[in-house]
Amino acid sequence: MNFSIVNKKADRGFVLPAIAFIILSLVQCTPKHQVVSSFQAGTTADNSKKGLKDYYKSYFPIGVAVNMASLHGPDSALIVKEFNSVTPENDMKMGPIHPSEDVYNWKNADDIVDFAVCHRIKIRGHNLCWHNQEAAWMFKGVDGKPVTKELLLKRLKDHIFTVAGRYKGKIYAWDVVNEAVDDSDDTTQIYRKSNWYNICDGPDFIEAAFRYAHEADPQAKLYYNDYNSEHPVKREKIYKLLKKLVDDHVPIDGVGMQAHWKLNEPSPNELRKALDEVTSLGLKVQFTELDITIRLPQPKPAPGATPGATMPPAPDPGYTPELEAKQIAQYKMAFDIFRQYKKFITSVTFWNVSDRYSWLDQRGGGLTGGAAAGANTPRTVRKAYPLLFDENRERKNAYWSVANF
Ligand code: G3I
């Protein structure tokens with residue numbers, strides 16, 4: 001092989017896309033994507049120039065889940081300063097982006113992609129197949145009865161080709177399938193009995209989704225994404241799924257460990273064990289939805305209480321110094337281990353920007369999730385304070401347990 005030609009091609013192969021990306025960034029920086037306000041993150045001036053992404057530039061990208069409010073408000077300055085990756089919180093999910101067979105809602109998803117391209121921020125796509133916020137029409141035939149497996153997989157393929165195809169070259173990694181593993185302690189149940197599983201009469205839709213995504217965008221990195229991936233029972237179920245995909249030569253690059261964690265979960269050993277198992281398969285890891293709630297576990301009904309009896313919610317202590325200290329310790333433990341596993345970890349993304357809004361903020365009436373409640377929901381919000389920035393978008397002490405190492 002004439003290496004000089006190869007090298008020239010290789011150079012052109014690198015240089016041209018880079019030039020295209022810069023031009024694209026300039027073209028897409030419309031005024032609406034300029035950051036809002038002269039927000040200066042950080043309380044200590046000597047650090048105000050650096051953000052999380054800078055502290056971790058020799059480790060892995062640091063990302064954040066975004067929505068329309070965060071892109072077009074004061075969050076935007078913090079996002080650009082602190083992060084170098086974004087994930088749409090909701091706007092690329094099947095239901096929101098593809099509400100009926102012939103309708104795609106591109107506006108919000110395009111806005112997020114344009115913002116990221118404008119600010120040269122990486123983009124994780126989330127997600128191509130999930131049992132929640134699903135496109136309900138996909139499961140119904142013309143008669144309203146469940147569709148056949150063949151028709152469902154055709155619809156899934158069309159969806160993935162359309163969405164992943166649209167953002168080819170812009171979205172570098174996809175959460176292809178989200179939360180397909182059963183959550184119970186029943187070790188015989190590997191898979192969640194979702195519409196996907198039931199209509200396909202098994203997990204074939206998982207492999208199919210990955211193959212469709214790879215066909216739609218061969219350059220994209222493809223992830224299986226799930227939560228509680230450090231809990232021993234679920235960890236083993238996820239391992240079995242991943243091993244099957246790897247053994248069947250399914251195009252998968254890694255696992256997304258969502259990392260919706262608590263003050264005392266996971267333990268360092270549970271986190272290391274999960275990382276060691278997954279990476280033993282040759283897969284990469286991305287922590288995709290990191291937050292650490294200070295919410296105390298709800299009290300369990302006393303033994304002998306009537307089944308289904310609900311307990312009054314635990315008193316809401318607010319963000320006390322004691323809870324803050326535990327959160328600082330848990331964030332420090334997590335990032336100490338993340339840095340030790342840096343050769344396997346290719347991204348760490350926080351789920352939401354600051355304590356001002358978190359999907360975890362519980363409201364009265366059983367609704368959970370800041371976004372879940374409508375404008376008129378009784379706002380007895382029980383905040384979770386799960387992130388590194390407080391309600392005023394200022395760096396919390398927990399920020400420095402992550403940045404100072
Ligand atoms: O857009 C509608 C709005 O029109 C309506 O008025 C309002 C009230 O009903 O609901 C709005 O939709 C809400 C949506 O967020 C957008 O705000 C949904 O009800 C609400 O359920 C949805 O919550 C999202 C949740 O996923 C859905 O399960 C959260 O914002 C989002 O943070 C959360 O994210 C998930 C990840 O995608 C997967 N991993 C778990 C994580 C937390 O559940």
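A few remarks follow.
- The listed residues are Thr279, Thr288, and the only one of them that is surrounded by fewer than 21 Cβ atoms within 10 Å (Cβ to Cβ) and in contact (Cβ under 8 Å) with a residue 40 or more places away in the chain turns out to be Thr279.
- Of all the residues in the stretch 345-393, those that are at pLDDT 90 or above, in a loop (DSSP other than H, G, I, E, B) and more than 21 Å from Met257 (Cβ to Cβ) number 9.
- Per the listing His98, His72, the residue uniquely within 16 Å of the ligand (Cβ to nearest atom) and at pLDDT below 95 is His72.
- Number of residues in the stretch 160-205 that are under 30 Å from Cys118 (Cβ atoms) and in a loop (DSSP other than H, G, I, E, B) equals 6.
- Filter result for Ile160 (within 21 Å of Pro61 (Cα to Cα), crowded, with 19+ Cβ neighbours inside 10 Å and aliphatic (A, V, I, L, M)): no
- Among the candidates Val278, Val246, residue that is of a type outside the set (S, T, N, Q) and more than 21 Å from the chain's Cα centre (by Cα): Val246
- Some residue of the stretch 73-90 being closer than 30 Å to Lys193 by Cβ and surrounded by fewer than 17 Cβ atoms within 10 Å (Cβ to Cβ): no
- Qualifying residue in the stretch 158-169 (condition: small (Gly, Ala, Ser) and in contact with a strand residue (DSSP E or B) (Cβ under 9 Å, 6 or more places away or on another chain)): yes
The values are calculated or read from the model by the stated rules, or taken from the named source; none is laboratory data. If you're wondering where the values come from, they're calculated on a predicted model, not measured in any experiment. Ideal geometry is used to build each Cβ from the backbone, glycine not excepted, and the neighbour counts take in all protein chains shown.
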